[in-house]
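The values are calculated or read from the model by the stated rules, or taken from the named source; none is laboratory data. Just so we're clear, the structure is a prediction, and the values are computed from it rather than from any experiment. Note: ideal-geometry Cβ built from the backbone for every residue, glycine included; neighbour counts use all protein chains shown.
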């Protein structure tokens with residue numbers, strides 16, 4: 001399967017649970033070491049050979065422009081206060097419709113996870129951590145036979161098998177299907193939905209493979225304790241790994 005050549009980073013949210021640090025910046029611009037979360041993501045993407053990168057901005061968009069300049073393409077979600085990530089994804093449909101990766105801007109990940117996702121024979125796939133303790137907050141999945149059967153925060157943690165990492169790979173057909181679903185929800189006024197809702201809506205019609213993380217480190221940064229762990233434990237490991245990878 002051809003590797004996607006484009007990536008979309010969803011960075012519109014206000015990150016209210018990380019105030020006051022996010023008062024004047026989206027949480028993707030929070031420093032985790034020598035760089036911000038988004039800067040790490042972009043560096044990892046470039047090293048993986050993904051040169052075309054778009055950001056969907058919202059809260060403090062000017063800070064994102066100041067930090068990243070012309071190194072990426074921008075789409076702006078003017079309704080970021082009243083919408084969620086599926087709406088932001090829809091805004092970037094023209095960029096991603098031919099196939100792309102999709103990232104949440106608050107996720108740090110080992111570069112081997114990105115390479116594993118890209119190398120998967122599945123054209124459409126998401127990274128899933130099967131080794132994490134699950135509660136009500138996580139975006140949970142069930143994936144019998146390695147194919148996503150359910151993806152939602154509303155899955156009973158006792159039923160769920162793993163957590164969605166927040167990184168998706170879509171080929172041309174999968175991307176077209178996801179963006180069609182996103183458009184239908186947006187036009188119907190269903191704005192406050194998470195991006196994985198589009199994958200959930202396609203279950204039974206379009207398969208998405210679950211690619212296991214197999215213990216490789218990653219973290220979604222929602223709370224202050226996540227940010228501390230990202231800085232103290234996760235970033236030093238993944239940054240060293242990324243530094244050791246040659247540019248594709």
Kindly indicate whether any position in region 34-43 is surrounded by fewer than 19 Cβ atoms within 10 Å (Cβ to Cβ), closer than 23 Å to residue 126 by Cα and under 16 Å from the mean Cα position of the chain (by Cα).
-> yes
For residue 142, state whether it is in contact with a strand residue (DSSP E or B) (Cβ under 6 Å, 6 or more places away or on another chain) and without any contact (Cβ under 8 Å) to a residue 24 or more places away in the chain.
-> yes
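Could you please let me know if residue 57 is in contact with a helix residue (DSSP H, G or I) (Cβ under 9 Å, 6 or more places away or on another chain) and at pLDDT below 95?
Numbers: in contact with a helix residue (DSSP H, G or I) (Cβ under 9 Å, 6 or more places away or on another chain): yes; at pLDDT below 95: no.
No, not satisfied.
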Expected output for region 38-65 (first residue closer than 15 Å to residue 168 by Cα, partner surrounded by 22 or more Cβ atoms within 10 Å (Cβ to Cβ) and at pLDDT below 95, Cβ below 8 Å, 6+ apart or cross-chain) is 50/4
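Yes or no, residue by residue, for (1) modelled with pLDDT of 95 or more; (2) touching a helix residue (DSSP H, G or I) at 6+ places or on another chain (Cβ under 9 Å); (3) exposed (fewer than 14 other Cβ atoms within 10 Å of the Cβ); (4) within 17 Å of residue 103 (Cβ to Cβ):
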residue: 213; (1), (2), (3), (4): yes, yes, no, yes
residue: 221; (1), (2), (3), (4): yes, yes, no, yes
residue: 228; (1), (2), (3), (4): yes, no, yes, no
residue: 234; (1), (2), (3), (4): yes, no, no, yes
residue: 243; (1), (2), (3), (4): no, no, yes, no
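Among the residues of region 111-159, write down those that are assigned to a loop (DSSP other than H, G, I, E, B), touching a helix residue (DSSP H, G or I) at 6+ places or on another chain (Cβ under 8 Å) and at pLDDT 95 or above. Steps first, answer last, please.
Filtering region 111-159 down to residues assigned to a loop (DSSP other than H, G, I, E, B) leaves 120-124, 130-139, 143, 148-149, 153-159.
Adding the requirement that they be touching a helix residue (DSSP H, G or I) at 6+ places or on another chain (Cβ under 8 Å) leaves 123-124, 139, 148.
Hits for region 111-159 are 123, 124, 148.
Out of region 160-196, which residues are part of a helix (DSSP H, G or I) and either touching a strand residue (DSSP E or B) at 6+ places or on another chain (Cβ under 8 Å) or free of Cβ contacts under 8 Å to residues at least 12 places away in the same chain (or both)? Before you say what the answer is, go through the steps one by one.
Taking region 160-196 as the starting set, the residues that turn out to be part of a helix (DSSP H, G or I) are 172-187, 196.
The answer is 175, 178, 180, 184, 187, 196.
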Touching a helix residue (DSSP H, G or I) at 6+ places or on another chain (Cβ under 7 Å), under 26 Å from residue 213 (Cα atoms) and at pLDDT 95 or above, is that true of residue 48?
-> yes
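Mind listing whichever residues of region 30-49 are assigned to a helix (DSSP H, G or I) and in contact with a strand residue (DSSP E or B) (Cβ under 7 Å, 6 or more places away or on another chain)? First the steps, then the outcome.
Here is the first cut: in region 30-49, the ones assigned to a helix (DSSP H, G or I) are 37-47.
Answer for region 30-49, where residues must be assigned to a helix (DSSP H, G or I) and in contact with a strand residue (DSSP E or B) (Cβ under 7 Å, 6 or more places away or on another chain): 37, 38, 40, 41, 42, 45.
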Among the listed residues 133, 161, 200, 137, which satisfies the condition of being surrounded by 12 or more Cβ atoms within 10 Å (Cβ to Cβ) and more than 18 Å from the chain's Cα centre (by Cα)?
-> 161
Examine region 85-104 for a residue that is in a helix (DSSP H, G or I), out of contact with any strand residue (DSSP E or B) (no Cβ under 7 Å at 6 or more places or on another chain), more than 25 Å from residue 152 (Cα to Cα) and without any contact (Cβ under 8 Å) to a residue 24 or more places away in the chain, and state whether such a residue exists.
-> yes
